[in-house]
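Read through the structure below, which is laid out as structure tokens, and then see the notes.
The values are calculated or read from the model by the stated rules, or taken from the named source; none is laboratory data. Note that the coordinates shown come from a computational prediction; the quantities given were computed from them, not determined experimentally. Cβ sites come from the backbone with ideal geometry, for glycine too, and all protein chains shown count toward neighbours. Note: areas computed on protein heavy atoms with side chains; ligands, DNA, RNA excluded. Shrake-Rupley method; radii C 1.70, N 1.55, O 1.52, S 1.80 Å.
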Amino acid sequence: SLSDLGSFDIIFCRNVLIYQKIENKIAIIKKMYDMIQPQGFLILGAGETLLGISSTFELVQKEGSVFYKKI
């Protein structure tokens, strides 16, 4: 099971969500949220967003990069 993997400071999930239905996106984001340490980060592909999918991450823009921080 995924819980056997432990927890992470950062998860890279690039170009995976774009191929999923909304229900699957929500489930995937929830699982990743549960696995990321407090104040950890989620990196998505350039064409992916959590807008309308999850409010459990804060969008961070820094030096031309976009990523999400667990809140």
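A few comments on the model shown:
- The mean accessible area for residues of the stretch 1-50, using a 1.4 Å probe and ignoring ligands and nucleic acids, is 67 Å² per residue.
- Antiparallel bridge percentage (DSSP; both residues within the chain; nearest 5): 60
- Straightening the chain between residue 23 and residue 67 buys 13.7 nm, computed as 0.36 nm per residue apart minus the Cα-Cα spacing.
- Net dipole in debye of the stretch 21-71 [+1 Lys, Arg Cβ; -1 Asp, Glu Cβ; about Cα centre; nearest 20]: 100
- Percent RCO, i.e. relative contact order, over the chain, from Cα pairs under 8 Å lying at least 6 residues apart: 36
- Reported label for calculated Rg and Dmax of the Cα atoms in Å given (i) 15.1, 43; (ii) 11.6, 36; (iii) 10.7, 31: (ii)
- Accessible surface, 1.4 Å probe, highest first, among residues 30, 25: 30, 25
- Sum of -39500 (n - 2.57) over DSSP H runs of 4+, divided by residues of the chain (222 nm, nearest 500): -6500 deg cm²/dmol
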